[in-house]
Structures are given as structure tokens and as C-alpha cells.
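S.K.: The structure is given below, and queries will be raised subsequently.
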Amino acid sequence: MINHAHKAMKTVGRRAAPRITLHPRAEALREFGAFNDSLHTLAQTRIVLPKGVFRLTHEEADRQMMEGIARGMALREREARGEC
């Protein structure tokens, strides 16, 4: 039985996967380096999210996550300045 009341999922982005080669590409190494730096910075940041169970759209969940990251980064900055 198919439930047609659910909204259809949407596709986000259209980036093609890079070809697999025997030799690493300089651009792929730069992209990985940037990703690794971002991940390292994010890992040091507390993400401040409200507690509870939420039913959110992807857009709402992304907004909530970005707001939580921003709050965590602001808190980290205030602690670094000794304001907390």
C-alpha cells in the first residue's frame, strides 16, 4: 500500500562523483585538505541544540543545526575572551 500523503523527496545538488584514478589529483587533495580543516574546527566547537524530539523538514533541520553551531562558536569565542 502506497501512502500518497507524504511529500516527494527532493534532490539537492548535482555534483558528479570524480573518476577513480591510480594517481591522486591536486584538486582532490586541496578539497580534502579544506574539508579536514573545517572538520577539525567544527570538532572543537560545541553545538548548542534544544533538547527534545522534533519533526522537521530538511530546511528546518539545517536551520536549527546552523543556529546551534553559531551559538556554540559564539560561546567558544566568549570563553576564549574570558567573558563567561
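The values are calculated or read from the model by the stated rules, or taken from the named source; none is laboratory data. Computed from a predicted structure; not experimentally measured. Note that we place each Cβ from the backbone using ideal geometry, even for glycine, and neighbour counts take in every protein chain shown. Ligands, DNA and RNA are excluded from the accessible area calculation, which covers all protein heavy atoms including side chains. Shrake-Rupley method; radii C 1.70, N 1.55, O 1.52, S 1.80 Å.
S.K.: Please report how far the C-alpha centroid of the stretch 10-55 lies from that of the stretch 57-82, rounded to the nearest whole angstrom.
M.R.: Each part's Cα centre sits 17 Å from the other's.
S.K.: Residue 60 versus residue 80, label points 7 Å from Cα toward the beta carbon: distance in nm?
M.R.: Label-label distance for residue 60 and residue 80, simple model: 3.4 nm.
S.K.: Roughly speaking, to the nearest percent, how much of the chain's 1.4 Å accessible area is carbon and sulfur? Don't skip to the answer; put the middle values down first.
M.R.: Numbers: 4940 of 8360 Å².
On the chain, the fraction of accessible area on carbon and sulfur atoms equals 59 percent.
S.K.: Taking just the alpha-carbon atoms of the chain, what radius of gyration and Dmax come out, in angstrom?
M.R.: Cα radius of gyration and Dmax of the chain are 19.1, 59 Å respectively.
S.K.: Would you mind computing, in nm to one decimal, how far apart the modelled labels at residue 21 and residue 38 are, each placed 7 Å from Cα along Cα→Cβ?
M.R.: 2.3
S.K.: Another question, then. Just name one of 44, 58, 28: the one whose Cα is farthest towards the positive end of the charge dipole of the chain (beta-carbon charges, Lys/Arg +1, Asp/Glu -1).
M.R.: Highest projection toward the positive end goes to 58.
S.K.: Give me the percent relative contact order of the stretch 40-81, please, defined on Cα pairs under 8 angstrom at least 6 residues apart.
M.R.: Relative contact order for the stretch 40-81 comes out at 56 percent.
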